[in-house]
Structure formats: structure tokens, C-alpha cells
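Worksheet: the structure to be examined is printed underneath.
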Amino acid sequence: MRPLLLNPLFTPVTSLAGVGPKQEKLLRYLLGREATPRLVDLLLHLPSSVIDRRARPKIRDALPGTVVTLEVTVDRHRPPPPRSSRAPYLVYASDDTGDVVLTFFRAKPGYVEKLLPVGAKRYVSGALQMYDGVPQIVHPDRVVDEAAFAKLSGIDPVYPLTEGLALGSLRRAIALALQKLPSLPEWISPEIIRRCQFPPIKEALNRVHMPLELTDILPDGPFWSRLAFDELLAGQLALALVRAQLRRPAGERHAGDGRLRNKVIDALPYALTSSQRRAAAAIAEDLRQPVRMLRLLQGDVGSGKTVVALLAAAAVTEVGKQAALMAPTEILARQHIKTIAPLAERAGLRVAILTGREKGKERHEILERLDAGQIDLLVGTHALIQDDVVFKALALAVVDEQHRFGVRERLALTAKGEAVDVLVLSATPIPRTLVLTYFGDMDVSELREKPAGRQPIDTRAVPASRINEVMEAVGRALSAGKLVYWICPLVEESEAEGTDHLTDATKRFESLQKRFGDKVGLVHGQMKGTEKDRVMAQFASGEIGLLVATTVVEVGVDVPAATIMVIENAERFGLAQLHQLRGRIGRGSESSTCLLLYREPLNEMSKARLAVIRETTDGFRIAEEDLKLRGEGDVLGIRQSGLPGYRIARPDVHGQLITQARDEALRIMQDNPKLKGDRGEALRCLLYLFERDEAIPLIGAG
């Protein structure tokens with residue numbers, strides 16, 4: 001139950017004066033909500049900058065090109081001629097040093113007269129320009145009388161906006177939401193408040209949205225930092241609650257005698273790398289311990305994570321238990337099964353796949369076999385956590401690319417068995433601080449080497465002006481029977497601004513098809529799953545030799561025979577993305593080539609990115625460089641700035657707060673694991689406020 005105290009903050013934004021259906025739709029988009037946003041969403045949307053309106057010169061001393069606030073008397077109006085809608089409405093005003101013209105385009109009838117009555121004194125604020133030697137302010141931001149002016153701080157926050165939403169209406173909505181902010185209990189411990197000099201949350205929200213000083217909205221200032229710590233503490237406390245639930249002493253343990261694992265290893269066409277052996281041994285040890293396993297296995301593209309996950313599944317099968325592997329997309333799930341099935345068959349492991357595509361009778365049969373214990377390992381997508389999926393004895397949950405799954409999905413899968421062990425796979429090498437932020441304290445295994453027999457990839461950057469030479473080279477490769485990927489940033493022509501020079505896959509497919517005929521295929525994210533699979537199968541079998549694709553091929557596509565990749569507009573991709581895409585080639589025994597086509601001129605950031613990707617194929621080094629180049633935000637590839645899942649905390653600014661929040665969360669778990677008493681109630685408020693309340697039902701559990 002959400003604490004009653006928070007109810008005012010969870011009322012919809014449409015309850016505010018001036019927020020109608022049109023605004024609601026725009027706010028939904030701006031705040032990233034599927035349903036109507038609530039007041040709390042508005043309050044956690046923080047300003048990106050401020051306008052300082054405190055400069056109050058006389059008209060004669062006002063500097064053109066600056067934002068000024070003038071105290072003027074309105075002299076006369078000059079409306080546009082009747083039939084000229086394009087001419088502006090002019091208002092002439094003055095002080096004792098000179099004149100200023102206030103200009104309004106497309107003003108509604110009566111609006112300007114009401115705003116600036118002749119003879120009245122008004123305070124007018126906006127950017128001042130000179131026009132024909134006369135000072136002018138076009139569409140002043142503020143026009144107020146003396147009483148209203150006395151209430152203004154002179155500093156206006158500027159917010160990230162979306163097209164169609166006016167800054168003024170967002171400011172008004174936020175100001176109204178602030179009035180509804182209840183007095184909240186303090187959830188941070190007194191020593192942290194003292195050490196970090198945090199203000200109360202109410203003051204922090206008020207000062208960030210209604211700054212009294214220019215520095216009030218800085219992310220490293222006390223007000224923003226307080227809110228960042230709250231958000232991080234909510235995240236860490238939720239993780240700690242899940243963790244405590246998963247770390248409860250487990251009953252019977254899940255490691256067998258190794259007979260099935262040895263069969264899997266014997267079935268492999270190559271020897272395990274030393275890091276695969278180490279990871280498998282660490283997992284086997286975890287499965288023997290009296291507490292549940294919670295391990296993160298991270299390895300680069302093609303480092304053999306699937307095989308290690310299969311060995312873990314074999315270990316629990318040895319004691320008659322079941323395992324599940326959940327992947328975020330169908331392509332990834334099918335990729336895993338393709339690697340697993342032949343090995344499992346030779347080791348006598350029974351495997352099946354369950355995604356949204358298995359329906360009707362087929363699905364029913366899989367579920368029956370699962371419930372009867374006739375499936376040892378079930379691979380699938382979110383379909384695995386549906387209510388009617390029942391395991392006879394689930395003991396191991398393997399979750400791939402976990403950062404794409406929320407706490408809820410992780411819990412839903414582990415809830416399908418008793419004391420289920422958890423193994424998380426990540427293809428994006430994640431720096432340590434981020435592991436803490438997303439997974440809490442987790443044991444980590446890294447796969448550093450590539451499997452034997454993989455050939456290095458020759459990566460070159462080529463300016464787009466040489467595209468004809470590239471096409472000729474591709475033609476020669478096709479004639480020699482080679483398989484080629486051609487990657488484009490967009491599916492089809494986009495209306496979005498800033499994309500006019502980007503190549504879309506549909507157009508490129510058409511131009512390459514003219515040149516090379518039916519050897520060319522196309523895949524992109526908007527195609528149906530079955531259609532995508534059909535084209536991918538044609539490519540894998542060599543029926544088509546050139547595959548034009550968007551980034552749908554970034555993960556989990558395995559065509560070892562493909563040895564050439566062209567990436568168009570390479571300057572528009574992030575490092576991690578370029579690395580993932582390039583990982584689609586160099587998977588077989590032949591040497592591979594990757595061509596990065598870029599548009600000139602390149603900015604510094606793009607130059608640095610292309611340099612790193614040419615120098616190295618080591619995903620761990622690329623992840624570290626990526627961090628340096630763009631901050632920790634999008635190493636996980638979810639949101640373009642800040643920490644995915646976090647709106648306020650910024651790793652580059654609040655990095656030291658992450659560890660403090662974690663330590664505080666662990667202290668709370670030691671002193672008050674059931675969140676009882678006043679402090680417990682305050683912490684429950686915190687979890688609800690930052691939407692980390694998924695973890696609250698766990699307090700009662702177990």
C-alpha cells in the first residue's frame with residue numbers, strides 16, 4: 001500500500017489548472033510515461049539551465065543581445081493593418097532615458113491591449129535587439145505589473161521540452177505541482193545529512209524549480225545532489241531487498257557430480273578457454289554453497305557465454321532439476337538454442353524454446369512436458385514468465401542482457417522455483433560502478449579470450465565520397481562467393497530533424513539491388529519475425545550474398561561464413577554499437593574486413609570513436625574508452641544520457657554518491673530489514689516516490 005501521505009503527488013497532471021488533453025499528451029511524451037503523468041513526474045523533471053532576468057538597466061544602457069528586464073511606461077499601440085496577417089503588432093514604450101518597441105507576431109485580438117494597457121507601468125523581460133537603430137524586444141518572455149514583479153526571483157528555470165509544449169506552460173504546471181508537495185518525512189540518516197550537508201527534500205525541490213541563485217540548479221550543488229542521492233538510495237535499497245530475498249539460505253543445493261557437464265565439454269568442437277573453465281568452476285562452487293548464487297557473467301561478443309550457461313544448466317540437471325534461459329528478444333533466444341541444441345543432444349540434455357511464436361497445440365505440448373519434468377532447459381523470451389508456465393523443479397535462472405529487464409521480470413522468473421540460483425549474462429562489458437548501480441553486489445566472472453580459431457578483423461575508415469569504390473569491392477567479394485553485411489542507421493526516410501543526410505536501409509537496398517540483382521536481401525526491425533528469419537536463413541545458406549540491414553543484426557545473429565561488413569554513417573553510431581555490429585563478422589575461420597563509411601567533416605568525438613574501433617577488438621577496452629568519451633550513461637545502451645533508469649543521478653557528477661547510497665542501503669538492511677517504525681515508513685515513501693516499490697512486497701515475504 002502506498003503511504004497516504006504521498007497521494008497528492010500521485011494525482012494526474014490533468015488535475016492542474018491549464019493542463020488539458022493536448023498538454024497531457026505532450027507531457028506523456030516528454031516525461032516518458034505510457035499513462036497520464038502524475039505530479040511526481042513533473043517534479044522530478046529538472047531544469048537544464050536558467051535565464052537570469054536580474055539585469056535591470058535603463059533603456060539607454062541596455063546591451064543588445066542580452067536578456068534584460070526593463071521598467072517602462074506604455075505609450076501607444078500600432079496594430080497591423082486589417083488584412084495583413086504577417087505584419088507585427090507593435091507597442092511603443094519608454095522610460096526617462098529612451099524608447100523601446102515591443103513586437104508581437106500573430107497576436108490574438110485583444111491580447112496585447114489587455115497585457116500592455118496604454119499609460120500603465122509594466123516590467124518587461126526578454127532578449128533585447130537593435131532594429132533600425134531602435135531597441136526592440138520581440139515576444140517578451142515576461143510582462144508583469146509591480147505586484148507580480150515583486151514576487152519573481154529574477155531567475156527562470158529552462159527545462160528540456162518537446163515540440164509543441166511551451167516553456168511557460170510547463171513552468172506554470174510545475175509551480176502548481178510544487179504547491180501540492182506535502183511535508184515528507186526524512187529518510188536519510190542524520191550522519192549522511194550532516195556529512196553531505198543535504199537540505200530537506202522539500203527545500204531541494206523548491207530551490208531547483210524556483211532558483212534564488214544561478215548555482216541552485218547545478219547538478220553538483222546541494223539541491224540537485226540531495227535529489228540524486230534519494231534516487232540512488234531508492235535504487236540501492238530495492239536491490240538490497242531483492243538481494244536479501246535471493247540470498248536467504250537455500251535448502252538442498254544444486255550441483256551434481258559433473259557427468260553431464262563432461263559430456264557437454266566432450267561434444268564441443270574446441271577446447272574451453274581458460275576463462276570459460278574458471279567461470280564454470282566458480283558457478284559449480286556457487287551451486288554447492290548454502291546460499292543462492294547471484295553471479296554476473298560478462299564476456300565480449302563471441303567469447304562463449306552460452307556454453308558456460310549450458311554447463312551451469314547441465315550441473316543442475318545432474319541432480320534432476322530444471323534450468324531456464326531468458327533473453328530479451330526472439331532473435332537472441334533462437335541464437336542461444338542454435339548453439340545449445342546440438343551440444344545438448346549429444347550430452348542427453350532435453351531442451352526446448354518458448355517465445356511468442358510458439359502457439360496453440362505446440363505451446364501446450366511444451367508446457368505439459370515442462371510441468372512433467374521432461375524438459376531440462378527451457379530457452380525463451382518474456383514468454384517464460386507468463387502465469388501458465390510451470391516448472392516441475394526450476395533450480396537455475398539464466399537471464400541474458402539483464403539490464404533490459406526490470407526487477408519485476410527477474411523476480412517473476414525466480415519465483416517459479418524454490419531457492420532458484422541466478423546467473424546473469426551480459427555481452428556489454430560493464431564497468432564496476434555500473435555493476436553496483438544495476439545489480440548491487442554481485443559476484444562477477446569475465447570471459448576475456450575469444451574461442452580458438454577466430455581470425456582478427458581488419459577495420460578501416462573510408463570517407464563516404466569513395467562509396468563507388470566500396471561498391472566495386474563488394475561486387476568483387478560477391479563474385480568470389482563471400483557473404484557481406486551492409487548496415488544503415490535508418491529503416492526508411494525519416495521526418496526527424498538532423499537525419500536528412502543519413503542513409504536509409506530501404507533506399508540502399510533498392511540501389512544495391514539494381515546493381516547486384518537478387519543476390520541482395522533486406523532485414524530491419526519493423527519486419528515480422530518469421531519474415532526476418534526467412535531472409536536471415538537465405539543469407540546463412542548463401543542464397544543471398546549481400547544483406548542490407550539496420551541495427552537489428554547487432555545482437556545474436558550468427559552467420560560464421562560472413563566475412564565483410566560495411567557500416568554506413570559510422571560516425572552516427574556509438575562505440576559499443578559499432579563493436580557489437582562488427583562482432584557479427586570474424587566468427588568463422590576466414591579473416592574478415594569491416595569498412596566504416598563516414599561523412600566528412602567529422603567532429604572530435606566521432607574521430608575519437610572511429611580511432612578506438614580501428615585500434616582494438618577488445619570489448620572491455622572499448623567499454624572503458626566509451627565511458628571516457630561519453631560518461632557512464634549509455635554503456636548499457638538504453639538511454640542517451642545519465643544512468644538508464646535514473647532521471648536525476650549522473651554518474652560523472654554523483655559517482656561518489658553511488659557507493660554512499662549502497663553503504664546506506666546495506667546499513668538499513670542490517671538495522672531494519674523489515675522497514676519498521678518511523679524511519680521504515682519514511683523509507684517506504686522513498687521507494688514509492690522513485691517507483692522502486694516493486695521490492696516492497698518482498699519485505700513481507702520469507
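Points worth noting:
- Considering residues of the stretch 253-264 that are of a type in the set (A, V, I, L, M, F, W, C) and under 37 Å from the mean Cα position of the chain (by Cα) only, the residue farthest from Val308 (Cα to Cα): Ala255
- Sole residue being in a loop (DSSP other than H, G, I, E, B) and either in contact (Cβ under 8 Å) with a residue 12 or more places away in the chain or out of contact with any strand residue (DSSP E or B) (no Cβ under 8 Å at 6 or more places or on another chain) (or both), chosen from Leu184, Leu227: Leu184
- Within the stretch 273-329, tally of residues that are surrounded by fewer than 22 Cβ atoms within 10 Å (Cβ to Cβ), of a type in the set (A, V, I, L, M), over 13 Å from Ser445 (Cα atoms) and modelled with pLDDT of 90 or more: 1
Each row is one residue, and each column tells you yes or no for (1) among the aliphatic types (A, V, I, L, M); (2) modelled with pLDDT of 90 or more; (3) surrounded by 20 or more Cβ atoms within 10 Å (Cβ to Cβ); (4) not assigned by TED's automatic domain parsing to the domain that holds Pro560.
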residue: Val462; (1), (2), (3), (4): yes, yes, no, no
residue: Ser465; (1), (2), (3), (4): no, yes, no, no
residue: Asn468; (1), (2), (3), (4): no, yes, no, no
residue: Lys482; (1), (2), (3), (4): no, yes, no, no
residue: Ile487; (1), (2), (3), (4): yes, yes, yes, no
residue: Val520; (1), (2), (3), (4): yes, yes, yes, no
residue: Gly529; (1), (2), (3), (4): no, no, no, no
residue: Asp533; (1), (2), (3), (4): no, no, no, no
residue: Gly542; (1), (2), (3), (4): no, yes, no, no
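- Residue ID - modelled with the lowest pLDDT, chosen from residues in the stretch 377-412 that are part of a loop (DSSP other than H, G, I, E, B) and charged (D, E, K, R): Glu401
- Wholly within the stretch 258-374, helices (runs of 4 or more DSSP H) carrying at least 3 residues that are touching a strand residue (DSSP E or B) at 6+ places or on another chain (Cβ under 8 Å): 274-288, 305-317, 330-347, 360-371
- Residue check, Val100 among the hydrophobic types (A, V, I, L, M, F, W, C), farther than 30 Å from Arg647 by Cα and in contact with a Pro (Cβ under 6 Å, 6 or more places away or on another chain): yes
- Single residue of Arg582, Arg587, Arg609 found to be of a type outside the set (S, T, N, Q), at pLDDT below 85 and surrounded by 15 or more Cβ atoms within 10 Å (Cβ to Cβ): Arg587
- The criterion of being more than 37 Å from the chain's Cα centre (by Cα) and among the hydrophobic types (A, V, I, L, M, F, W, C) holds for Val72.
Yes or no, residue by residue, for (1) among the small types (Gly, Ala, Ser); (2) out of contact with any Phe, Trp or Tyr (no Cβ under 8 Å at 6 or more places or on another chain); (3) in contact (Cβ under 8 Å) with a residue 12 or more places away in the chain:
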residue: Gln322; (1), (2), (3): no, no, yes
residue: Thr339; (1), (2), (3): no, yes, yes
residue: His364; (1), (2), (3): no, yes, no
residue: Glu368; (1), (2), (3): no, yes, no
residue: Leu396; (1), (2), (3): no, yes, yes
residue: Val399; (1), (2), (3): no, no, yes
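- Checked against the criteria, Ile648 counts as modelled with pLDDT of 85 or more and among the β-branched types (Val, Ile, Thr).
- Extreme residue, nearest to Ala395 (Cα to Cα), among residues of the stretch 339-385 that are exposed (fewer than 15 other Cβ atoms within 10 Å of the Cβ) and touching a helix residue (DSSP H, G or I) at 6+ places or on another chain (Cβ under 9 Å): Gln374
- Matching residues in the stretch 670-683 - criterion: being in contact (Cβ under 8 Å) with a residue 40 or more places away in the chain and either buried (at least 17 other Cβ atoms within 10 Å of the Cβ) or under 23 Å from Val40 (Cα atoms) (or both): Asp678, Arg679, Glu681, Ala682, Leu683
- Criterion: buried (at least 16 other Cβ atoms within 10 Å of the Cβ) and either of a type outside the set (A, V, I, L, M) or in the same structural domain as Arg122 (by TED's automatic domain parsing) (or both) - qualifying residue of Val19, Val40, Val13, Val67: Val67
- Within the stretch 131-147, residues that are in contact (Cβ under 8 Å) with a residue 12 or more places away in the chain and of a type in the set (Lys, Arg) have Cβ atoms under 9 Å from residues that are part of a strand (DSSP E or B) and crowded, with 16+ Cβ neighbours inside 10 Å in these pairs: Arg142/Thr69; Arg142/Tyr123; Arg142/Val124; Arg142/Ser125; Arg142/Gly126; Arg142/Asp156, counting only partners at least 6 apart in sequence or on another chain.
- As for the stretch 207-220, it holds no residue that is modelled with pLDDT of 95 or more, surrounded by 20 or more Cβ atoms within 10 Å (Cβ to Cβ) and within 30 Å of Arg410 (Cα to Cα).
- Screening Asp156 with (1) at pLDDT 95 or above; (2) under 30 Å from Pro219 (Cα atoms); (3) of a type in the set (Asp, Glu) gives one miss only, at (1).
- Test: residue in the stretch 136-157 that is part of a loop (DSSP other than H, G, I, E, B), touching a helix residue (DSSP H, G or I) at 6+ places or on another chain (Cβ under 6 Å) and either within 27 Å of Leu6 (Cβ to Cβ) or of a type in the set (S, T, N, Q) (or both): no
- Residue within the stretch 571-583 that is touching a helix residue (DSSP H, G or I) at 6+ places or on another chain (Cβ under 6 Å), assigned to a loop (DSSP other than H, G, I, E, B) and on the phi < 0 side of the Ramachandran plot present: no
- For the stretch 293-320, a tally of residues being more than 22 Å from Pro342 (Cβ to Cβ) and either free of Cβ contacts under 8 Å to residues at least 24 places away in the same chain or over 29 Å from the mean Cα position of the chain (by Cα) (or both) returns 2.
- Selected residue [closer than 21 Å to Thr355 by Cβ, of a type in the set (A, V, I, L, M, F, W, C), touching a helix residue (DSSP H, G or I) at 6+ places or on another chain (Cβ under 9 Å) and surrounded by 20 or more Cβ atoms within 10 Å (Cβ to Cβ)] from Val559, Val566: Val559
Listed here are the residues, each with its yes/no results for (1) outside any strand (DSSP E or B); (2) under 30 Å from Leu218 (Cβ atoms); (3) among the hydrophobic types (A, V, I, L, M, F, W, C).
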residue: Tyr29; (1), (2), (3): yes, yes, no
residue: Ala35; (1), (2), (3): yes, no, yes
residue: Leu63; (1), (2), (3): yes, yes, yes
residue: His77; (1), (2), (3): no, no, no
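The values are calculated or read from the model by the stated rules, or taken from the named source; none is laboratory data. Computed from a predicted model, the values in this text were never measured in an experiment. FYI the Cβ positions are ideal-geometry reconstructions off the backbone, even for glycines, and counts take in every protein chain you see.
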